[in-house]
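The values are calculated or read from the model by the stated rules, or taken from the named source; none is laboratory data. For clarity, every value in this text was computed on a predicted model and none was experimentally measured. Here the Cβ is made from the backbone with ideal geometry for all residues, glycine too, and neighbour counts use every protein chain on show. Accessible surface areas use protein heavy atoms only, side chains included; no ligands, DNA or RNA. Shrake-Rupley method; radii C 1.70, N 1.55, O 1.52, S 1.80 Å.
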Amino acid sequence: MDQTGVSTETPKSPWGSVAPAAPSCSLADVMSEQLARQLDEENNAFPTLTDPGADLLLSGEDPDTTSDLMLAQMLQMQYDREFDTQLRLEERKFNGDSKVSISFENYRMVHPYEDSDSSEDEVDWQDTRDDPYRAEKPQTTPRKGFTGKGKNITTKHDEVMCGRKNTARMDNFAPEVHVGDGLGMDLKLSNQVFNSLKRHCQSEQRRSARLHDKKEHSTAEQAVDPRTRLLMYKMVNAGVLDNINGCISTGKESVVFHADGGSLEEQPVPDEVVLKVFKTTLNEFKNRDRYIKDDYRFKERFSKLNPRKVIRLWAEKEMHNLSRMKKAEIPCPDVVLLKKHILVMSFIGTDHVPAPKLKDAMLGSDDMRSAYCQVLHMMQQLYQQCNLVHADLSEYNMLWHDSKVWLIDVSQSVEPTHPHGLEFLFRDCRNVSTFFQKRGVSEAMNVYDLFNAVTGLNITVCEEDEAAFIAQIVALEKRNEDHVQRRGKKTFPVATDDGGPPLKPDADD
């Protein structure tokens with residue numbers, strides 16, 4: 001076969017048509033000026049690397065995409081633009097509302113499109129180190145301690161220089177302290193003023209930290225701290241309570257919540273119960289310690305250095321006092337459960353409505369007379385059978401329900417052998433006598449006769465001299481305390497078994 005008749009086909013290039021090879025030329029043609037100008041014009045046809053494709057991007061015409069270099073430059077520009085946008089967002093997210101900001105300016109890829117009118121691409125002067133409106137900070141003093149020569153020497157103790165340095169140091173204060181633009185106003189603070197401001201900021205910082213910590217770990221009025229809330233949730237999850245309805249009463253030492261009872265394996269739970277949450281702060285009841293640290297039942301377990309342990313001991317004390325009162329058949333709430341500083345008791349009331357306090361109850365003369373007789377009998381039972389003194393008995397701590405007087409709030413109740421037990425009893429007698437006499441109960445005895453009727457001590461007093469009466473009570477307390485310290489026995493022969501669970505410290509402590 002004749003090979004000359006076959007036309008040789010040139011393979012097609014995937015990059016487009018192949019330009020024909022340049023014809024060969026002589027050395028004289030290469031050295032001509034016309035050829036040099038032609039080559040220079042061909043080189044200037046492409047944009048330089050310092051401004052890669054800027055005109056092509058900003059113009060509305062379709063750029064020529066036949067050049068690999070042009071495509072690579074355009075893709076690199078688009079990538080750099082997205083990178084700068086993401087970097088700016090990361091910078092804003094990192095700084096947030098902080099007074100001290102960090103700039104990522106050194107990592108940006110600046111291109112001519114930064115001159116665009118888009119507000120998103122504008123440079124924020126707050127995030128750059130080249131802020132033209134930023135006040136200059138005072139220059140630091142060299143190590144030699146002075147600057148200048150001759151009469152123009154300025155030492156580090158110069159008043160103007162120190163004032164400006166102190167103004168600049170205010171930027172180191174906590175972010176919540178608003179110091180203003182002192183440098184911009186050329187403010188000069190003396191050392192005395194700066195030190196006072198610094199001490200004040202430090203004290204305020206410690207105070208805010210204490211308040212925050214106290215708020216997180218304290219039981220406030222009509223509110224509970226996270227630990228108490230967790231205990232209440234555990235009671236609901238365990239089935240002891242069906243649900244917790246809300247707060248029904250607040251006092252100086254506790255907050256009372258109403259709840260629907262659930263079930264327990266050991267004992268039945270009433271349909272309606274109350275949760276008495278003892279406050280974990282002593283702000284409103286600062287003299288709480290005197291009711292428990294001198295009580296012989298808890299004296300060895302009292303620890304003033306652990307407030308939470310004292311609060312649990314306070315709740316445990318009310319549980320044991322209620323057990324004694326229930327054993328003597330005194331009308332009072334039934335104890336359902338004790339969990340740390342939460343005491344679950346039976347609800348005194350009907351259909352989520354608590355029984356009114358004796359102060360608020362609208363009673364006739366017969367009911368008021370009956371209430372007085374019941375209170376007198378309960379005080380005698382409390383002292384003689386339960387070996388207890390209420391220590392805060394008043395019309396505010398007695399409820400009227402089902403034509404009976406119910407005693408509540410016995411957490412501060414102490415034994416008569418307490419160093420101030422008889423003084424507490426005298427105060428209770430005064431509150432009870434004053435209330436019923438104001439309500440017109442003719443059978444109400446005065447405070448001295450009521451005290452003798454409850455205790456059976458038969459202390460005599462001339463012309464109702466209260467100071468002399470209290471002096472005899474204090475002498476009795478002193479004699480009883482000395483007797484207890486000498487022999488370890490009690491002057492008043494009364495039973496102490498309350499029938500409650502044994503006193504054991506919490507394992508969580």
Under the 7 Å Cα-to-Cβ spin-label approximation, Val353 and Leu87 lie apart by a distance in nanometres of 7.4 nm
Computed over region 411-472, protein heavy atoms only, probe 1.4 angstrom, the accessible area per residue in square angstrom equals 43 Å²
Between Ile248 and Leu457, the FRET efficiency computed from the C-beta separation at R0 = 41 Å comes out, to the nearest 0.05, as 0.60
Accessible-area order for Asp449, Asp351, Asp428, largest to smallest, probe 1.4 angstrom, reads Asp351, Asp449, Asp428
In region 249-283, the GluC sites (Glu not before Pro) that sit in a DSSP loop and have at most 13 other Cβ atoms within 10 Å of their own Cβ are Glu265, Glu266
The extension gain from Ser365 to Arg229, computed as 0.36 nm times the residue separation minus the Cα-Cα distance, is 44.5 nm
One finds, for Glu266 and Ala467 with R0 = 60 angstrom and r their Cβ-Cβ distance, a FRET efficiency to the nearest 0.05 of 0.70
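Work out, step by step, the length gained on full extension between Gln76 and Cys373: first 0.36 nm times the residue separation, then minus their alpha carbon distance; give nm to one decimal.
Taking 0.36 nm per residue and subtracting the Cα distance, the gain is 97.1 nm.
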Expressed in angstrom and ordered largest first, the alpha-carbon extents of region 356-487 along the principal axes are 50, 34, 19
Arg143 and Thr434 label points (each 7 Å along its Cα→Cβ direction) are spaced in nm at 7.8 nm
With all protein chains in place and a 1.4 Å probe, Ile153 shows an accessible area in Å² (nearest 10) of 80 Å²
So for R0 = 56 Å, FRET eff. of Val474-Met109 from the Cβ-Cβ r, to 0.05, ends up at 0.05
Residue span Ser67 to Asp449: 0.36 nm per residue of separation minus Cα-Cα distance leaves a gain in nm of 125.9 nm
Rounded to the nearest Å, the spacing of the alpha-carbon centers of region 75-95 and region 321-393 is 72 Å
Ordered by number, the trypsin sites (Lys or Arg not before Pro) in region 368-430 that occupy a DSSP loop and have at most 15 other Cβ atoms within 10 Å are none
